[in-house]
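Everything below concerns the one structure shown next.
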Amino acid sequence: MRTDKIKLPAPAPGHDRALTVHHFGTGERKAYLHAGLHADEWPGLLVLQHLLQRLIELEAQGQVKESIVLVPYANPVGMNQRLFGYVPGRYDAVTGQNFNRGMSIDSTALLDQVRDRLGDDATTNDRIMRETLHEMAQNSGGEHEIQALHRALLSQSLDAHLMLDLHCDDEALPHVFYGDHQRETGRQLADCLGYPVRLEEDVRGIVAFDGTHTQPWVKVAEATGAPFAEPCFAATLELRGSTAVSDELARRDADGILAFLEQQGYITGVRAEPQPQEHDTVAINVDQVRVVKSEANGIVTYHRQLGEHLQAGDHFADIVLLDQDKPERIAITAPTSGMLFTRTVDYLVYPGSTLGMIASDKRQIEPGRQLSF
């Protein structure tokens, strides 16, 4: 293992920050993993510590066959956001930007650089794309600290063949996001993890960190018709809820990741078993997810559990009003049929706040849009 420290620009005198980057193996193919890009989401931080130990052991045994890059905490900027003991961690305090948005590659500029260099040889095209993407990441501009952070992360990851970004929801069944053009690999990943909900997204629209890695390949392929041997596969792993932090769950997720890495040829001899399914499997496009919003101020209380299948009109929650002369509730009913797979843990809700998400069989939003920003 080789460990590098990538220094970030100091936001103020006496405030130095750095990314820790662990490197395993020397193969040509590269897998990149990180956690904590949203610095208030902690399950992935523990998962990667378990994975780190396993990779150290595997490398010592000569079982790391390709290159694996692991960033144990992706956002030292957000981790330093401490407001009276609370870590907000999701948005940059200077610009207000979501740490997991706004770093996508300029496809027009990319096309200008590669269009005349791509040919009929898919392997050569792969090399040209990765070299160009890496150069664009290193040369990306921006005067704010969040842009320097994105530049540092993308300089390590944008030339990867496989990229996994570890997140979590409020309270949720474990689920995974991946491009709908990579359905087979995405479902293989979810099978290894034992994740029941698989959300397939059109990466040609607004993208997060995962889509930043796959969108360039899709757009260049569509614009040029050039063949590629192994475009980047990228996915976001939503590791249940924010309080699902335990060694037991972390070991289980690390084992699932190892099983996937072995199936993809990055490691050998592990014989890690895919994790068992605990719920029915639902594989849908992300535009089929219905976000249920609050219509009032109050305390939300739920009558249905995660993983339950709701019918449209089912009463699954109440908002208990606090400012009435006598006790009063507003019934929340399912706006569509499907599996309830997330709920909020911010029980004091307000109009427009998210109460939960339902995986349905009908389109709920326009294709190519993220669920939330």
Exercise. What is the spread of the Cα atoms of segment 252-293 along each of their three principal axes, largest first, in whole Å?
Worked result: 46, 20, 16
For this session: Give the shape of segment 249-353 as rounded, prolate or oblate, defined through the alpha-carbon gyration tensor: a ≥ b ≥ c are the square roots of its eigenvalues, a/c under 1.5 means rounded, and otherwise the shape is prolate if a/b is larger than b/c and oblate if not.
Result: prolate
Exercise. When the helix-only estimate is applied to the chain (DSSP H runs of n ≥ 4, each -39,500 (n - 2.57), divided by the residue count), what is the mean residue ellipticity at 222 nm, nearest 500 deg cm²/dmol?
Worked result: -9000 deg cm²/dmol
For this session: Rounded, prolate or oblate: pick one for segment 191-318, where a ≥ b ≥ c are the square roots of the eigenvalues of its C-alpha gyration tensor, a/c under 1.5 means rounded, and failing that, prolate if a/b is larger than b/c, else oblate.
Result: oblate
Problem set entry | For Pro351, net neighbour charge (Lys/Arg +1, Asp/Glu -1) across residues whose Cβ lies under 14 Å away | -2
Exercise. With axes computed from alpha carbons, what is the tilt in degrees of helix 43-60 against the longest principal axis of the chain, rounded to the nearest 10 within 0 to 90?
Worked result: 30 degrees
For this session: Starting from the residue with the highest accessible area, list His23, His167, His181 in decreasing order, probe 1.4 Å.
Result: His181, His23, His167
For this session: With a cut-off of at most 11 other beta carbons within 10 Å, and DSSP calling the residue loop, which GluC sites (Glu not before Pro) in segment 88-182 qualify? Please list them.
Result: Glu143
For this session: Could you state the angle between the C-alpha long axis of helix 145-157 and the longest principal axis of the C-alpha atoms of the chain, as a value from 0 to 90 degrees rounded to the nearest 10?
Result: 60 degrees
Problem set entry | Scattering profile of segment 286-340 at q = 0.23, 0.26, 0.28 Å⁻¹ [log10 I(q)/I(0), Debye over alpha-carbon scatterers] | -0.89, -1.05, -1.15
Exercise. How much solvent-accessible surface does Lys65 expose, in Å² to the nearest 10, with a 1.4 Å probe and all protein chains in place?
Worked result: 100 Å²
Exercise. Considering only the other residues whose Cβ falls under 14 Å of the Cβ of Met163, what net charge follows from Lys and Arg at +1 and Asp and Glu at -1?
Worked result: -2
Exercise. For segment 34-186, what class follows from the C-alpha gyration tensor (a ≥ b ≥ c being the square roots of its eigenvalues): rounded when a/c is under 1.5, otherwise prolate if a/b is larger than b/c, else oblate?
Worked result: oblate
Exercise. Rounded to the nearest 10 Å², what accessible area does Arg240 show when all protein chains are kept and the probe is 1.4 Å?
Worked result: 30 Å²
Seminar exercise, completed: Loop-resident chymotrypsin sites (Phe, Trp or Tyr not before Pro) in segment 33-126 with no more than 15 other Cβ atoms inside 10 Å, DSSP not H/G/I/E/B, are Phe84
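Restricting things to alpha carbons, find the Rg to Rh ratio for segment 77-160 using the Kirkwood radius for Rh.
Ratio of gyration radius to Kirkwood radius for segment 77-160: 1.13.
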For this session: Using the structure shown, select from Lys219/Lys362; Lys5/Lys293; Lys326/Lys362 the pairs with a Cα to Cα distance greater than 31 angstrom.
Result: Lys5/Lys293; Lys326/Lys362
Exercise. Taking only protein heavy atoms and a 1.4 Å probe, what accessible area per residue, in Å², does the chain have with all protein chains in place?
Worked result: 44 Å²
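So, with a 1.4 angstrom probe, what is the percent of accessible area on the chain that is carbon and sulfur?
For the chain, the apolar C and S fraction of the accessible surface comes to 47 percent.
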Exercise. Taking the Cα-to-Cβ direction at Glu248 and at His23 and moving 7 Å from each Cα, how far apart do the two end points lie in nm?
Worked result: 3.9 nm
Exercise. In the calculated pair distance distribution of segment 166-264, what percentage of Cα-Cα distances lie above 17 Å?
Worked result: 53 percent
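The values are calculated or read from the model by the stated rules, or taken from the named source; none is laboratory data. Just so it is clear, the model here is predicted, and its values are computed rather than measured. Here the Cβ is made from the backbone with ideal geometry for all residues, glycine too, and neighbour counts use every protein chain on show. Accessible surface areas use protein heavy atoms only, side chains included; no ligands, DNA or RNA. Shrake-Rupley method; radii C 1.70, N 1.55, O 1.52, S 1.80 Å.
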